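Reading through the structure tokens given below for one structure.
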Amino acid sequence: MAVTAAVTPTTTPTAATAASVATNVANKSTISGNFETFLQLLTTQLKNQNPLDPLDTNQFTQQLVQFAQVEQQINMNASLNTLIALQKANQATAALGFLGATVVVNGDTTRLSGGQASWSYAVDKPASATINVTNATGQVVYTETRTLSPGAQTFTWNGRGTTGQIQPDGDYTIAITAKDASGQSAAVSRPSGAMIISSP
């Protein structure tokens, strides 16, 4: 089935990147604030230590290690946030490449757009088929009888009802009933088709 569907991106690469950057700035601000607080506490402790009872060397070393770990965490978070922002931007940009692409989907419902809708199907043997097209409410708007040849084929509908009236754009469903020359049912594969993705 050929469907022309408008794709409205929920986020653009610029918007996604901007949102990610804003989050990164907020997170970095929080961690940096804790880092500065830790540094001030450590400096104040060194300035005000008792000369007669100086800070224990092991304790001071542990605090320096903590200081380094906090600094590494800040740098690591900044790097990770940058990578995440780039990945989101790349994903959003890659999605733009699907505009105008044809995607094969399975299903008996397709969208009528611009006076055209089509379905692809296959039958296993020569048969006479009745094709019904129904609208979203289940009402049959078009009926046709045609001879089918074995193999894959396409049914294209021009959007006009059985009596010639133009049907509005929207979703329509196809139902195909086929019988061979002896009156036995002929197997018809579930319709599948192409969805053409277009920009708004």
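The values are calculated or read from the model by the stated rules, or taken from the named source; none is laboratory data. Note that the structure is predicted; figures quoted are calculated from it, not measured. Don't worry about glycine lacking a Cβ; one is built from the backbone with ideal geometry, like all the others, and counts go over all protein chains shown.
Kindly evaluate residue 62 against the criterion of being at pLDDT 75 or above and surrounded by 10 or more Cβ atoms within 10 Å (Cβ to Cβ). Working first, answer last.
Details: at pLDDT 75 or above: yes; surrounded by 10 or more Cβ atoms within 10 Å (Cβ to Cβ): yes.
Yes: the conditions hold for residue 62.
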Qualifying strands (runs of 3 or more DSSP E) (wholly inside the range 65-146; at least 1 residues being surrounded by 12 or more Cβ atoms within 10 Å (Cβ to Cβ), polar (S, T, N, Q) and modelled with pLDDT of 90 or more): 127-134
Flag if residue 163 is in a loop (DSSP other than H, G, I, E, B) and assigned by TED's automatic domain parsing to the domain that holds residue 121: yes
